[in-house]
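Contents: one structure, followed by commentary.
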């Protein structure tokens, strides 16, 4: 029996020493914990963001010995400060994640060195293995909390269109116009005013010259192609069930805006697009575009009103043959030549019907009627071409 006593006694004596070595081997960490919000399935939830940094053991030992934060930890604290301060506030946006719309934002952080050092020294003196990073939270102006407070919790409707085949100037104006309608609110009872929301259309606001319909042909003006934007946001708001207070169709059918009649033209100040928010809560509009697919899209977010909106396919009647060609000045075309700028289109009348229901009961119906005049092909010709004089 005695031969077992020595090993057992040796193990008993070694255990505390090994435990102490194990404790000393544990790295000291600075921990940052932050809480972020998101909207998912109409509800606000929180999730934890955690970051940690391991501090050098020599610096911890020196801090413990001299009872103050050692200067050997300064480089590490500088690194942590840079990383913490690099996080900037980002406003709340909705993203489609595997078929579900989720709104997230991001708070910014501002490192508090004095409080962090105080937390660090307190933890070291008490023998703890970690301390909390102290920081100030910088919240974005448009936060998840703001969306939730305004009742913007659900995806309501979307509208999209294709600008494939557009010349570069038209594509630029579409994207500039769409960006001006990205992430803005429509207050309950407020009337969305396209011309007012987009603002001035000229070179000073990012637009370039492009073709617009005028005088029975095409002429270059600032913002040519902006109607792609008005037509697309009209589709989104129409699908959301908003009543129309002002809307105009183009004078002739334009291929970019098919289905026929499901569009809206603008030409400030004479023609505008206005629709009223009658949902009883705020609406938020987000714009997205895909430059590879040449598509633009608007999504409407707000309260779940229980509305279902059914929009019929266009009923097209009263066809008329296209007109004769017209000509417009184009300095890039050689004298005597011509370049096709727009294809001919038949005249026609389109009727689209909208039915809005709540819990299966029809609460409103309306008709979207568009009359299109016949349109001839438009050719660009040299400014000295005699065919331009025939327009006078």
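Read-outs: derived from the displayed coordinates by stated rules, not from any lab. Small disclaimer: the values here were computed from a predicted structure and weren't measured. Cβ: placed from backbone, ideal geometry, glycine included. Neighbour counts: every protein chain shown.
Which distance in nm do the two modelled labels at residue 79 and residue 294 give, with both placed 7 Å along the Cα-to-Cβ direction?
Spacing of the two 7 Å Cα→Cβ label points: 5.1 nm.
Using 20 Å as the cut-off for backbone N distance, which residues of the range 60-88 belong to the label zone defined by a point 7 Å from the Cα of residue 112 along Cα→Cβ?
69, 77-88
How far is the Cα center of the range 50-115 from the Cα center of the range 300-354, in Å?
Their Cα centres are 55 Å away from one another.
Kindly identify the range 148-207 as rounded, prolate or oblate by the Cα gyration tensor criterion: order the square roots of the eigenvalues as a ≥ b ≥ c, call it rounded if a/c is under 1.5, otherwise compare a/b with b/c, prolate if a/b is larger, else oblate.
Working: a/c = 2.92, a/b = 1.65, b/c = 1.77.
Oblate, since a/c reaches 1.5 and b/c is not below a/b.
According to a simple spin-label model (label point 7 Å from Cα along Cα-to-Cβ), what is the distance in nm between residue 66 and residue 139?
My value for the distance between the label points is 4.1 nm.
Send over the semi-axes of the range 257-392's equivalent ellipsoid, whole angstrom and largest first, taken as the square roots of 5 times the C-alpha gyration tensor eigenvalues. Don't jump to the answer; show the numbers that get you there.
On the way: eigenvalues 328, 79, 35 Å².
Square roots of five times the eigenvalues give 41, 20, 13 Å.
Once R0 is set to 56 Å, what does the formula 1/(1 + (r/R0)^6) return for the Cβ-Cβ distance between residue 54 and residue 184, expressed as a FRET efficiency to the nearest 0.05?
Numbers: r = 45 Å, r/R0 = 0.80.
After rounding, the FRET efficiency stands at 0.80.
Going 7 Å from the Cα of residue 45 along its beta-carbon direction, which residues of the range 87-114 have the amide nitrogen within less than 19 Å of the resulting point?
92-107
Stretch residue 168-residue 278 to full length: gain in nm at 0.36 nm per residue minus the Cα-Cα span?
Fully extending the segment from residue 168 to residue 278 adds 35.8 nm.
Compute the whole-percent fraction of alpha carbon pairs in the range 150-391 spaced more than 24 Å apart. Let's see the in-between values first.
Values: 14237 of 29161 pairs.
It works out to 49 percent of all Cα pairs.
Is the range 54-178 best put as rounded, prolate or oblate by its Cα gyration tensor, with a ≥ b ≥ c the root eigenvalues, rounded for a/c under 1.5, and otherwise prolate when a/b is larger than b/c, oblate when not? Before the final figure, lay out each step's value.
Details: a/c = 4.04, a/b = 2.64, b/c = 1.53.
Prolate is the answer for the range 54-178, as a/c is 1.5 or above and a/b outweighs b/c.
Order these peptides, 138-150, 88-100, by their mean beta-carbon neighbour count within 10 angstrom, highest first.
Numbers: 138-150: 17.2, 88-100: 13.1.
Ranked by mean Cβ neighbours within 10 Å, highest first: 138-150, 88-100.
At a 10 angstrom cut-off on C-beta neighbours, averaged per residue, how do the peptides 39-51, 343-355, 253-265 rank from highest to lowest?
Per-residue Cβ counts within 10 Å, averaged per peptide and sorted highest first, yield 253-265, 343-355, 39-51.
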